[in-house]
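For reference, the structure is listed below as structure tokens.
Nothing in this text is a laboratory measurement; each read-out follows from the coordinates by a stated rule. As the structure is a computational prediction, the values presented were derived from the model and not from experiment. Here Cβ is always computed from backbone atoms with ideal geometry, including for glycine, and neighbour counts include all displayed protein chains.
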Amino acid sequence: MKKLIVFLFFISTFCFSQDQELEAKLSNISWIAGNWKGEAFGGITEEIWSEPSGGSMMASFKLIDKGNVVFYEIEIIREVENTLILQLKHFGSDLKGWETKDETVDFPLIKITPTKAIFEGMTFEKISSNEMNVYVDIRQENGSIETVKFNYTK
């Protein structure tokens, strides 16, 4: 009986720690920093995130298909009014912007746990120190939303 109680304690502690909500601070998502590579949209993806500094993290993204760049993104996560916001802009292979000059695609923070940074429409999931998944909700032409999974390794 004592072994069962100890086992249940460890299981409940592990489960709680994975769902424990953390403060909306860049230091709590610094595990996102690094040079990540993966596959998505039938091509090769690369996403490079900086360490937190100056109240933000920044990233560049590119998708390569059949040896050619399809598009780029510039991304930032910044601390704003005691929360975080992820913002990005898309660029074609010729570096012409998809969004208008002052427009960004914004993803407000929902919550942070020890292994997830959940933004509205985009989630970062830490699998290990060298692997993460990024889930992005993409609105289709018919109005439905498809969640695309990017599996990255360092």
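Per-structure values
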| read-out | value |
| --- | --- |
| Mean Cβ count within 10 Å, highest first, over the residues of peptides 110-118, 136-144 | 110-118, 136-144 |
| Cross-link partners of LYS149 among lysines (Cα-Cα below 29 Å; sequence separation of 8 or more within a chain) | LYS25, LYS37, LYS62, LYS66, LYS89, LYS96, LYS101, LYS111, LYS116, LYS126 |
| Simple spin-label estimate for THR153 and ILE48 in nanometres, 7 Å along Cα-Cβ | 2.1 nm |
| Normalised contact order of segment 23-146, rounded percent, pairs of Cα under 8 Å and 6 or more residues apart | 16 percent |
| Full-extension gain in nm, GLU125 to VAL80, via 0.36 nm per residue minus C-alpha separation | 14.0 nm |
| Whole-angstrom Cα spans of segment 19-154 along principal axes, big to small | 41, 33, 32 |
| Relative packing of 120-126, 89-95, 48-54, which averages over residues the other C-beta atoms within 10 Å, highest first | 120-126, 48-54, 89-95 |
| Relative contact order, percent, segment 69-120 [alpha-carbon distance under 8 Å, six or more residues apart] | 29 percent |
| FRET E, pair THR104, ASN142, Förster distance 30 Å, beta-carbon r, rounded to 0.05 | 0.75 |
| Segment 91-154: C-alpha gyration tensor shape, a/c 1.5 cut-off, then a/b vs b/c | prolate |
| Computed [θ] at 222 nm, helices only, for the chain once each DSSP H run of length n ≥ 4 contributes -39500 (n - 2.57) | -4000 deg cm²/dmol |
| Sites SER27 and LYS96 - FRET efficiency at Förster radius 25 Å, r taken between beta-carbons, to 0.05 | 0.10 |
| Degrees between helix 2-19 axis and first principal axis of the chain (Cα, 0 to 90, nearest 10) | 20 degrees |
| Loop-located GluC sites (Glu not before Pro) in segment 55-88 whose Cβ has at most 16 other Cβ within 10 Å (DSSP) | GLU81 |
